[in-house]
Structures are given as structure tokens and as C-alpha cells.
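Structure record follows, encoded as C-alpha cells.
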Amino acid sequence: MDMENVKQIFRDAGTAISRAVQFTEEKLGKAEKTEQDPNFEQLVTFCDNTKQNTETILKNMEFILNSNPGIRVENLFFLDKKKSGLSSSEYLGIAMTEAGNDFGPDTAYGSALIKVGNIQQTLGLNQREFIKSANDCFVNPMNKYLETDMKTVVKERSLLEKRRLDLDACKTRVRKTRMLATTKVKAEHDLKVAQEEYNRQAEITKLLMEGVPSAHPQHLQHLLDFVDTQAAFYLKCHESLMSLQSDLSGFPSDQDNIATLSPDTPALGRIQQAKVITSQEPRDAHDLRLSAGEIISIDVNSDIGSNYFIGKKIQKGKVYKSNIRLLNQG
């Protein structure tokens, strides 16, 4: 290492110490600080808001596009590469189709599982295509902006702060100088150089920050592209589910057990009185309308659903268990 390099190391160390002392004294209120004009401060605030909000949006976008962190970790270490990269819906679809084949494609339940499983895999594929499109049209361009333009602004602002500390440190030395005339002249020369470097860096930083608002129209276009991509994704999913719902409309369901109920239908099992503890508004044509406090008849053997009985007032219909309390029979 030659002597010039050694001198440069000492100069850099001296500058770092000077900045640290100036920064500390400012925090303690023992040194003055050069302030920027209000317009410059407004630009600083605007840049900070742009950076922070963009980072927050991208962070939350990551949760939407990769909602299952366990799958992301699994994809890093999962040995079964045939299934790696699949979405949660695709895993569900595979499980359903395998179960449907086990139960038998010729059975109602097995056939329904296969139909639903196929649609779940389609939804998963749509989701993966949406994630790719969203990354291409929004996430990647916004990340690139943060990593290039905004990173440059942050770097130049950091350099400006160093120039500002150097300038204020020189001002402090000039004020405190009670030395020989030659020493004072050097301090004043250092102050002049520091002021010029600060002014030049302030101009560069200001020009860069003034360019930040001009990036917002492009950010708006990325946002609109994302909305178009998301709308197309949900439309595909809606169409797939409507088609599935139509395919399953002919399968027997729990509704079929009460579809033929009428006021003349005889009781199927043991009748017990029950008190309505919560009013019940009909969800569909098969539900009874109930008011809190009234007493109704319940067929306790009609537990054909996991959450309701068949009850009777003038007509028969579904009574949800959470809305009644069975009364003890004497």
C-alpha cells in the first residue's frame, strides 16, 4: 500500500468522524443544521410517500398472488417434482378426482367428485395464469421502478445528506476558529468547497425527485392492466363454476328429502314440542317462518340434515336447530 492510499484512508476516516460529530451535536441541539426550502421538502415527502406506498402495495400483492406460504416453502424442498408448482385448488382437484375414481365413477358421489375435481384443477390453472399475468403487468414493472429510479433517488439523497453534514461541520469550524490567520483561511476555503459541493448535489437530487411524479401515470397504467387481468381471471372462474353448477343440477341433494312436504304429510316419527328461542326468517321455500317465544311441533326423528329438523305450524318445513330448544315431555 503506497503512502497516497494511506493518506486517503486517514482523510476518509477523518471525514466520517466529522460527520458523526456533527450529526450527534445536531441531535443534542448543540449545532445548527442547514434547512432546505419548503418546495424541496415537499418533494422529499412526495418521494417518501411514493416509495413507502409502492412497497406496501407490492408486499400485500405478494400475499394475494402467493396466499399460501407453506406451498412456497414446500416447492423449495418437495421431492415429488411432478406435483411441485401446483396451486392449492389443483391439489384439491387431484384429491377429489382420485377419491371419485376410488368410490366409482358410476356412483353419484364418485361422479360428482370427479366433475368438481376437474373444475378445481381448471380454477387452479386459471389462478396460475393470473399470477403470471399479474406479475408481468404490475409486480415486475413496479419492482423494477423501485430497484432503478427510486433507488437512484435514495442514493443521491443519502449523498446529499453527507454533503450537508460536511457543510455544517465546516460552518461550525469557521465559527469556532480562534487560530492563526492561515488556519482560518483554510477553514473558510474548506467551507467554500463544501458549499459548492452541497449546492451541486442539492440540484442533482432535486432534479431526480422532480421526476418522481412523472412516473405515476405509468404506475396507473400498470394498475389498470392488473385490474383487467384480475377481471378476466374471475370471469373465467365464474364461467367454470356456472358450468359445474349446471352439470350437478341433476344430482340428488338434501333438498329432495323435503321437496314433497305439504300440510297433509303425515308425521314420520316421534313428535315433540319445541320453543323458538331465535326468530327464523325463511332462506328458501322449504323453511318455516318462526317468531321467538312461540311453541311448535318438531319431528325429532327427521334429523335428515346436520343442522335442522322438520317442524310443523300450519304447514311443514325446515326448522334450524340453533333457533329452537326442545321441551321435556311429561
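The values are calculated or read from the model by the stated rules, or taken from the named source; none is laboratory data. Nothing here was measured: the structure is a model prediction, and the numbers come from that model. Cβ atoms come from the backbone with ideal geometry, glycine included; neighbour counts cover every protein chain shown. Quick note on the areas: whole protein, heavy atoms, side chains included, nothing else; ligands and nucleic acids left out. Shrake-Rupley method; radii C 1.70, N 1.55, O 1.52, S 1.80 Å.
Based on this model, can you work out whether Arg200 counts as in contact (Cβ under 8 Å) with a residue 12 or more places away in the chain and assigned to a helix (DSSP H, G or I)?
No: the conditions fail for Arg200.
In the range 294-306, what residues are under 46 Å from the mean Cα position of the chain (by Cα) and at pLDDT 85 or above?
none
Out of all the residues in the range 258-288, which are at pLDDT 80 or above, small (Gly, Ala, Ser) and touching a Lys or Arg at 6+ places or on another chain (Cβ under 8 Å)?
Ala274
Does Leu241 count as under 30 Å from Gly110 (Cβ atoms), over 47 Å from the mean Cα position of the chain (by Cα) and either at pLDDT 80 or above or exposed (fewer than 15 other Cβ atoms within 10 Å of the Cβ) (or both)?
no
Can you name every residue in the range 94-109 that is under 17 Å from Asp247 (Cβ atoms) and not charged (D, E, K, R)? Before you say what the answer is, go through the steps one by one.
To start, the set of residues in the range 94-109 that are under 17 Å from Asp247 (Cβ atoms) comprises 96-97, 100, 105-109.
Selection gives Met96, Thr97, Gly100, Pro105, Thr107, Ala108, Tyr109.
Does the range 50-94 hold any residues that are aliphatic (A, V, I, L, M), open to solvent by less than 70 Å² (accessible area, probe 1.4 Å) and at pLDDT 55 or above, and which are they?
Across the range 50-94, the qualifying residues are Leu58, Met61, Leu65, Leu86, Ile94.
From the set of residues in the range 203-219 that are part of a helix (DSSP H, G or I) and aliphatic (A, V, I, L, M), which is nearest to Leu146 (Cα to Cα)?
The residue in question is Ala215.
Only residues in the range 143-167 that are under 30 Å from His189 (Cα atoms) count as the first member; pair them with residues that are open to solvent by 30 Å² or more (accessible area, probe 1.4 Å) and of a type in the set (Asp, Glu), Cβ under 8 angstrom, at least 6 apart or cross-chain, and list the lot.
From residues that are under 30 Å from His189 (Cα atoms), the pairs are Arg163/Glu197; Asp166/Glu197; Leu167/Glu197.
Considering each residue of the range 103-161, count those that are of a type in the set (Val, Ile, Thr) and either open to solvent by less than 40 Å² (accessible area, probe 1.4 Å) or within 18 Å of the chain's Cα centre (by Cα) (or both), and give that number.
Going through the range 103-161 one residue at a time, the tally reaches 6.
Condition test on Thr97, is it within 27 Å of Phe226 (Cβ to Cβ) and either at pLDDT 85 or above or in a helix (DSSP H, G or I) (or both)? Give the steps one after another, and end with the answer.
On the way: within 27 Å of Phe226 (Cβ to Cβ): no; either at pLDDT 85 or above or in a helix (DSSP H, G or I) (or both): yes.
In short, no.
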